[in-house]
1. Which one, PHE230, PHE290, PHE165, has the greatest fluctuation when you compute a Gaussian network model over the chain with C-alpha springs under 10 angstrom?
2. For segment 296-348, what size does the Cα cloud have along each of its three principal axes, sorted from largest down, in whole Å?
3. Let me check the size of segment 231-296 from its C-alpha atoms; what are the radius of gyration and Dmax in Å?
4. Which translational diffusion coefficient, to the nearest whole µm²/s, is obtained for segment 169-227 from the Stokes-Einstein equation, given a Kirkwood hydrodynamic radius over C-alpha pairs, 25 °C and 0.890 mPa s?
5. Considering the dipole of the chain built from charges on the beta carbon (Lys and Arg +1, Asp and Glu -1) around the Cα centre, which of PHE25, CYS305, TYR45 is farthest to its positive end?
6. Most mobile of GLN406, GLN223, GLN151 per a Gaussian network model of the chain (Cα springs, under 10 Å)?
7. Check the straight Cα-Cα distances from LYS158 and name the lysines below 25 Å, setting aside those fewer than 8 residues away within the same chain.
8. Which one of ALA116, THR403, ALA337 is farthest out on the positive end of the charge dipole of the chain, using unit charges on Cβ (Lys, Arg +1; Asp, Glu -1) and the Cα centre as origin?
Amino acid sequence: IEIFEKAKGMIPGGVEHNLSQNKPFPLAMDRAKGYKIWDVDGNEYIDYLMCGAPIMLGHGYEPLDEKIIEIIRKKGPATGLTSEYELLAAEEIIKNMPGVEMVRFLQSGTEADMAALRIARAYTGKLKIIKIGGSYHGWSDQMIYSVHVPQTYNLEAKGIPAECFAHIVDVTPNDFEGLEKAFKDNEDKGGVAGVMVEPIGGESGAHPVHPDWNKTIRRLCDQYGTLMIFDEVVTGFRLNMGGAQKLYNIIPDLTVLGKIITHGYPSSGAVAGKKEIMKTCAGSIGEKVFVGGTLAANPISMAACYYALKYMEENKAVEKATTYAEKLTKALNDLFATRPDLGFFVYNFGAIMHYMTTAFFSVDLKAPDALMQIFSRKEVADNYQIVTMAHGLCTLAGTRMYTCMQHDDEALKKTLAIWEYVLSLIPRS
């Protein structure tokens, strides 16, 4: 709390991280190793935040860290010029992801999403972008529309001019009729250049989509000459080494990457896709799509990408993290089944877990008190998270858990014990 009080005088709100548990105050962390983290007071936590999803090998994975330390000592952090690690990193991504033939590295997933929109418009000559409500594609002006919860439109767009959304078409997830209508209605309004898609549904699967949803988007994109853009910032190398596109055998035209491709090291983002499309980044002045970034593709980030993906493949990290997630999902659901009065449940997409306590993402938005319900349910979910965090469980926003290859039976037992305690605090109805 001392750090927080001091931070409030220098940092807006006293915290930088959107993923931080901030009630009653954000915890200041000291170090991390494997699946554990420790705060500055020495308290130990089982970590399911995993830095917001990048960590698959475990925190402080020594073979990877030693490679980066060696690069810093021998080569320096960056020159602003090309290094061989760009090629090595790109080769690893291209080798694994079926929809990728070229890669342009950037500094974040937000930048990569911005670039994908520009590429889609430049390549197709069309104007509109379909955004699926409830999805998160970074925090650029155009994309802060129906973020987190579908049909909330510009609720979170303070400071963004309304004109920024003039060419964004909002479609509710799983609204097949509305999706097709969006394509048809915009044919004579500039046409649809691209559809931004989180392949397992918005907010990394918080809004799960019908098995035919992505197939339908792919079909309509082909029909209307539109680019299908998979935002695989979270799903890439976490669901499968080939991403959701390989797992579900749906090949997008463009793929947005981030997070895991540098395994927690900074400057992590990329837009990738078919050569014909990606070459719009490589034309002459006045013809190419303008993208930039002084520290994009620096040797540290690129080496982290190359070695992290190699080590993940060698250690079967995705398979191990998925096996643990499935085991924990079943164990938690068995525990929650002992309290049917609460209605808690868990589901997972591979190594991405969602645990529902108040289901604030699932409120019927047609209800007159929808927003009030969302806020009140979110507050209760936050309170549950405060209790679990206080007893050594670190998760994301009171709804999500990411696993790594080092989570083990000890972590599972402790996780269940904490939730058993939480349930004991809630009176039976």
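1. PHE290
2. 54, 25, 10
3. 13.5, 39
4. Taking Rh from Cα pairs, D becomes 209 µm²/s.
5. CYS305
6. With Cα springs under 10 Å in the chain, the top fluctuation among GLN406, GLN223, GLN151 is at GLN223.
7. Cross-link targets: LYS8, LYS23, LYS128, LYS131, LYS366, LYS378.
8. ALA116
The values are calculated or read from the model by the stated rules, or taken from the named source; none is laboratory data. As the structure is a prediction and not an experimental result, all values here were calculated from the model. For neighbour counting, all protein chains shown are included, and Cβ atoms are generated from backbone atoms with ideal geometry for every residue, glycine included. Accessible surface is based on the protein model in full, side chains and every heavy atom, while ligands, DNA and RNA are left aside. Shrake-Rupley method; radii C 1.70, N 1.55, O 1.52, S 1.80 Å.
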